[in-house]
Amino acid sequence: LTVTSNKGCSDTSSVFIKVLKDPPVPNIFSPNGDGIHDTWIIPYLDSYPGCTVEVVNRYGYIVFRSVGYATPWDGKINGKDAPIGTYYFVIDPKNGRKKKAGYVDIIR
């Protein structure tokens, strides 16, 4: 931004704006140990360091919870493989953006 007075004096200032990408949330992963899609990786979620991620099973019990998303969900519940099926998530970016909710399927 440059401002110039009617006497010809001017001043310039700049601001860096980081545009955060909306994380596309995959709706399937296969934690079967083959090295392909073994964890539920959510792209760009590392741009939201204070975000919360909660995953619940069909009964509404929390099976995974994270503040930040430094470690993606590995499809385990208390150290054991989660059953094949549909799980439901809520992601709260905690930065004024809307919460994101949906489902993720585990296949093996």
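Quick note: the coordinates plus some simple rules give every number you see, no bench work behind them. Note that the structure is predicted; figures quoted are calculated from it, not measured. We place every Cβ from the backbone using ideal geometry, glycine too, and count neighbours over all the protein chains shown.
Counted over all Cα-Cα pairs of the range 20-106, pairs farther apart than 16 Å make up 49 percent. Computed from point charges on the beta carbon alone (+1 for Lys and Arg, -1 for Asp and Glu), the dipole magnitude for the range 40-90 about its Cα centre is near 160 Debye.
If you build a Gaussian network model of the chain, linking Cα atoms that sit under 10 Å apart, which residue out of VAL15, VAL90, VAL53 swings the most? The residue with the greatest mean-square fluctuation here is VAL15.
In the elastic network of the chain, a GNM with C-alpha springs shorter than 10 Å, the most mobile of SER13, SER47, SER30 is SER13.
Placing dummy labels 7 Å off each Cα toward the beta-carbon, the span from ASP34 to ILE84 is 1.2 nm.
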